[in-house]
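**Q** Handing you a structure now.
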Amino acid sequence: MAADANFPFKLGAEVTLDEFMTVLVNVGVRGNPAGWLLGDKLQVLCQMLTAAVNDIILVYCLAPVKDDGANPSAKKKASDEPEIAHVFQEGDFSLARRIGCYLDKGRFYALVGAVSCTFSMFLALALSGQMAKLTPEYLMRALLTGALHMGISANTRYQIVNGVERVLFSVLPENVAKLASVVTRLSNNLLGARLWIVMTTITGLA
């Protein structure tokens, strides 16, 4: 919050919007919730839980942290440059540092996505009594789907969102910037939810 006073707003907006969009897109794909089977309901519930956890990690880990100089020894790393949180962070960062940031975040998010997707799919199958579907092939599909979704899709989209918000909050009045931020994140979540549904349908996880 010392680096970005609007961080709580961004985090709250992200989680709220993504939960709403997850339900909305599932309704669009699966139809009336009244007609969902137990397995469908549990999968959607797991998607919502996974989305909330992933959103918090995505927003938190892409948020810049103010360097107050309180721990000088922590800055003695391979580079004298301050830590970079996202590709479009303000600062005199080299192109190599920015590319490295994207790749580092991608690897981290891919791991998070693989674990969270596999866990949520396991939980959905366990609760719906479909453990017979939990084959090594199914687990591999879950791992791959989660890794690709978070490591490439989400990483790229949220890096761009942070870049757009950096411009919005620097040129617009705060209230207008917040509204524009909500629109930006809403569009991103709609795209992300659609890509997730398409991806799980193709891999057989839907």
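**Q** To the nearest 500 deg cm²/dmol, what mean residue ellipticity at 222 nm is calculated for the chain from DSSP H runs of n ≥ 4 alone, each contributing -39,500 (n - 2.57), summed and divided by the residues?
**A** -24000 deg cm²/dmol
**Q** Okay, moving on. Treating each Cα of the chain as an identical point scatterer and ignoring solvent, apply the Debye formula and state log10 I(q)/I(0) at q = 0.14 Å⁻¹.
**A** -0.86
**Q** Here is a follow-up. Quick one: length gained pulling Ala3 to Leu38 fully straight, 0.36 nm per residue minus the C-alpha distance?
**A** The span from Ala3 to Leu38 would gain 8.1 nm if fully extended.
**Q** With a 1.4 Å probe and every protein chain left in place, work out the accessible area per residue of the stretch 90-175 in Å², rounded to a whole number.
**A** Per residue, the stretch 90-175 has 54 Å² of solvent-accessible surface.
**Q** Roughly speaking, to the nearest percent, how much of the stretch 82-206's 1.4 Å accessible area is carbon and sulfur?
**A** 72
**Q** Can you give the Rg and Dmax of the stretch 105-162 based on its C-alpha atoms, in angstrom?
**A** Taking only Cα atoms of the stretch 105-162, I get Rg and Dmax of 12.9, 42 Å.
**Q** How many lysine pairs in the chain, separated by 8 or more positions in sequence or lying on different chains, have Cα atoms less than 28 Å apart?
**A** The result is 14.
**Q** For the chain, return all DSSP H helices satisfying: extent of Cα atoms along own axis at least 15 Å; mean Kyte-Doolittle hydropathy at least 0.5.
**A** Counting only whole DSSP H runs, the qualifying helices are 7-30, 38-61, 95-127, 136-148, 174-203.
**Q** Once the Cα gyration tensor of the stretch 130-206 is found, what semi-axes does its equivalent ellipsoid get, as square roots of 5 times the eigenvalues, in whole Å, sorted largest first?
**A** Numbers: eigenvalues 250, 26, 12 Å².
The equivalent ellipsoid of the stretch 130-206 has semi-axes of 35, 11, 8 Å.
**Q** If I model a spin label at Val115 and Tyr102 as a point 7 Å from the Cα along the Cα→Cβ vector, what separation in nanometres do I get?
**A** In this crude label model, Val115 to Tyr102 measures out at 2.6 nm.
The values are calculated or read from the model by the stated rules, or taken from the named source; none is laboratory data. All values reported here derive from a predicted model rather than from experimental measurement. Cβ: placed from backbone, ideal geometry, glycine included. Neighbour counts: every protein chain shown. Quick note on the areas: whole protein, heavy atoms, side chains included, nothing else; ligands and nucleic acids left out. Shrake-Rupley method; radii C 1.70, N 1.55, O 1.52, S 1.80 Å.
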